[in-house]
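Reviewing the structure listed below.
None of the figures in this text is laboratory data; all of them are computed from the coordinates on show. On a predicted model such as this, the values are computed, not experimentally measured, just so you know. Cβ coordinates were reconstructed from backbone atoms using ideal geometry, including for glycine residues, and neighbour counts include every protein chain displayed.
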Amino acid sequence: MRRAHVRAVVLAASLPIALAGGLAAVQSAPLAPVLPADRVDTVEPGALTVATAAVGTWEGEAVAVSVTAQGLSVDVDGRSVWTSQPASAFVTGGRGDVTWQEHRGYFWPTVQYADRLGEQTVDRVEVVDGAVVVTGALAGADGAGDEGATYTLTIQDRSHGGATIDVATAGATPLDSVALVSGRSAGAGVHGFGEQFADFDLDGRLLPIVVREQGVGRGEQPITQLADLTQNGAGGTDQMTYAAWSSFVTEDLRGLRLAADDPASHAFAVADLRDPAAVGLEVWAPSLSAEVVAGDDPTALVAAQQAGDTRAGMARWATRGAIVGLQGGTKEVRAELRTLLDAGARVSAVWLQDWTGQRVTEFGKRLWWTWQLDRERYPRWRRLVADLAERGIRTTTYVNPMLTDAAAKDTPGLRNLFAEARDRGYLVRRPDGTPYEQDQGQFTATLVDLTNPDARSWFADVIATEVLADGVSGFMADFAEGLPVDAVLHEGDAAVLHNRWPALWAETVRLGCERAGQPDCVTWFRAGSLGQAADAPLFWAGDQLVTWSREDGLASALLGMLSAGVSGWPLVHSDIGGYTSVNAYVKDYVRTPELLRRWAELEAFGVVMRTHEGNRPDENPQVFSTKGTARAFARMTRLYGALAPYRRAVVREAVDTGVPAIRPTWLVAPGTDAAESDTQFFLGSSVLVAPVLEEGARTVTVDLPPADRWVNLLTGERHRGDSRVTVRAPLGRPAAFVRADDPWQQRLRKRVEAAGF
């Protein structure tokens, strides 16, 4: 129901697309031969020159900064929290511009430089008001031909541990970009940068930090090439994500993130991880503000990075049973739910995304973005919600930050929110002042201008009085990745605010829930920004293809959750069964019953267990399609329910500390062979899960961290720790383990046995 561009693949001419960007601009356009084929040469890190007078150690109120001919390091309480790459520039700058191509939420940046200032001098170091201030100059690689600039680096204590590093630049011609280059041990893994659907270790990559549609296929073939050819680059790449932001941790146990309250932190940025001894972060702004931390171990490191943040909590009802995606109207929802309940499913809520009505386009079934109940589709709505509530089942719905003209729906008495917002000046505008209507595939929609406090307040009232009316307990808060970079806003530059838009959307949603007077309101988001967890309790991993692949299927969902967790999203889940189904003619991409079951097994050990019918519900098996699929799903909901007390403790810890609920093995067992795996995960620190990620597999291999013994949670079998074992994992019996001496082991085993395992 969500994505505008995927309903069918129609062979058509492709739009030329290019991606370029980074500390060293790289262009590639394999499907766009009309674009320039030349490659922009890589610019190697510049040299560092330190004046003799600047060598030494300067102590501020809580930090010590050491400067040598090799570079700069920052210590807090005797611990190194940041260091530069030896003998290389740690501040660089650039002049140039970023141009954009955009199509239905896909944004393709092209970076062009006029000047690259990679040569750095450190001329002076002093202590000013308790902060250590480093000043110097930047110049071109050959020392001539480029107009130089000066910089000021201010280092001081971070109130919640670690330090802050602020970089400001100046020059007769201002810089357009500034980069901070961090050192790391050769080959030390790098994790984070938001929700990245690539290997958990991002070493060797060049990552554009831009919020956008994640793509259909993302390298999986033939769907990626077909989507590129027919939908203007919609296939995507493995760099694309709904949730990118500038935050990372390294296996050196140091972390850096930009400050969420600094507008420049949300500007387009590029992370350069290709140098095995450095992490470069270039922000397209003339200044940046970074927070740097360290930890004794990976868990302490992530907790240190998130320390001081406010994080929204999540109501307990969402973690007791499944949230089941249903649609079709009152009668259909009752019948589909009855099938699941008769099979013994534990259901916490129904998710009725089509509550606002359904429209049909040439791409398939879509929603009416009018954000009011479709009473013809859902007659006796209040009775439905009340009946479900009597059974302990909540009702949740759907909304996004866009409005469409309700006049086209031709429903008497329907409130036209689009017209209201247009007439009040609450919509994002084009440069000519007209509402910025964006193509959604046979209809258009326009974003509410969330930079306008009055517009944000108005839309929060819409959420409170329309979306959350009649006892609704929450909703999917979709989209927010599609702000056009050339839009005109009430306040600010759209190109700079593009990456911040998801956070503004989350603020609006939180305000709507507050005005509805619903402390137990649960919402979930797919687009992400720095600092968003302050207003958003729950996230999901976006729109996966209904396949098994690491590029865009089941395995990619796990990768995204691992990355998002260490980046500041403590509570993340995915659509059970995937979302995107496409008939590409050469191959019809539909989910199989096996994939649906394996996805449910993974999310039985997740934060939230939520199903989705997908964009082609009639062509794809559903958890309620047959008695067999209903029984299989019901069995997993009982397993999910058996873990409820443990899950509540894990969720509470995640909200309190920022350490994610879904954890890579690296967080729990660093320095072991198991730590390298990104095909298994921990729920909290006790339960290790090895999901089946390959079609047809009936066994799974798991790397067990050191321990005396590990106990299979479902079978009771014991395995020696610090070993790689292959265990049986038939359908309906996922592989999960707890240390034999873990305090939760016996309690969880008893609960799982009582659930029928």
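DSSP loop chymotrypsin sites (Phe, Trp or Tyr not before Pro) in region 632-730 with at most 11 other Cβ atoms within 10 Å of their Cβ, which ones? Display every interim value, and only then the final one.
On the way: sites: Phe633, Tyr640, Tyr646, Trp666, Phe681, Phe682, Trp710; in loops: none.
Passing both the DSSP loop test and the Cβ count: no residue.
Mind putting a number on the dipole of region 606-713 about its Cα centre? Charges go on the C-beta only, +1 for Lys and Arg and -1 for Asp and Glu, and I need it in Debye to the nearest 20. Don't skip to the end; give the middle numbers.
Values: 12 positive and 12 negative charges, 140 e Å.
The calculated dipole for region 606-713 is roughly 680 debye.
What is the sum of charges, Lys and Arg at +1 and Asp and Glu at -1, for the other residues whose Cβ falls under 11 Å from the Cβ of Asp238?
On the way: positive: Arg205, Arg218, Arg550; negative: Asp199, Glu220, Glu551, Asp552.
Net charge around Asp238: -1.
Which aspartates and glutamates have a Cα lying under 14 Å from the Cα of Lys627, excluding residues fewer than 8 positions away in the same chain?
Glu336, Asp342
Could you please state, rounded to a whole Å, how far the C-alpha centre of region 310-389 is from the C-alpha centre of region 109-187?
After rounding, the separation between the Cα centres reads 52 Å.
Would you kindly state how much longer the chain becomes between Ala141 and Arg515 on full extension, computed as 0.36 nm times their sequence separation minus their alpha carbon distance, in nm to one decimal? Display every interim value, and only then the final one.
On the way: separation 374, 0.36 × 374 = 134.64 nm, distance 5.62 nm.
Residue separation times 0.36 nm, minus the Cα-Cα distance, leaves 129.0 nm.
Among the DSSP beta bridges whose two residues both lie in region 316-657, what percent are antiparallel, rounded to the nearest 5? Could you put the intermediate results ahead of the total?
Numbers: 14 of 37 bridges.
Close to 40 percent.
State, as an integer percentage, the relative contact order of the chain based on alpha-carbon contacts under 8 Å between residues 6 or more apart.
Answer for the chain is 12 percent.
Select from region 360-418 those GluC sites (Glu not before Pro) which occupy a DSSP coil region and have at most 13 other Cβ atoms within 10 Å, ordered by residue number.
Values: sites: Glu362, Glu376, Glu390; in loops: Glu362, Glu376.
Taking region 360-418 and a limit of 13 other Cβ atoms within 10 Å, the loop GluC sites (Glu not before Pro) found are Glu362, Glu376.
Looking only at region 404-539, where both bridge partners belong to it, what percent of the DSSP beta bridges are antiparallel (to the nearest 5)? List each step's numbers first, then the result.
Values: 6 of 12 bridges.
Close to 50 percent.
State to the nearest 20 debye the size of the charge dipole of the chain about its Cα centre, where the only charges are +1 on K and R beta carbons and -1 on D and E beta carbons. Show your work: numbers first, answer last.
Details: 72 positive and 94 negative charges, 869 e Å.
My answer is approximately 4180 debye.
Which whole-angstrom value gives the distance between the alpha carbon centres of region 722-757 and region 540-589?
Cα centres, region 722-757 to region 540-589: 25 Å.
Out of all DSSP beta bridges with both ends in region 268-415, state the antiparallel percent to the nearest 5. Each step should come with its number before you reach the end.
Details: 8 of 16 bridges.
Percentage antiparallel, nearest 5: 50.
Before rounding to the nearest 500, sum -39500 (n - 2.57) across all DSSP H runs of length at least 4 in the chain and divide by the residue total; then give [θ] at 222 nm in deg cm²/dmol.
Details: 14 runs with 146 residues, N = 757.
Calculated at 222 nm, the ellipticity per residue is -5500 deg cm²/dmol.
Can you grab the distance from the C-alpha centre of region 53-73 to the C-alpha centre of region 227-300, Å, no decimals?
26 Å
Between beta-carbons, use under 11 Å as the cut-off and find the net charge around Ser177, counting Lys and Arg +1, Asp and Glu -1.
Details: positive: Arg95, Arg116; negative: Asp97, Asp115, Asp176, Glu282.
Summing Lys and Arg as +1 and Asp and Glu as -1 gives -2.
Which value does Rg/Rh take for region 214-272 over its C-alpha atoms, Rh per Kirkwood? Walk me through the numbers on the way to the answer.
On the way: Rg = 15.7 Å, Rh = 13.6 Å.
Rg/Rh for region 214-272 comes to 1.15.
Going Cα to Cα from Lys365, which lysines come in below 22 Å? Please leave out same-chain ones fewer than 8 positions away.
Here the lysines satisfying the reach criterion relative to Lys365 are Lys331, Lys409, Lys587.
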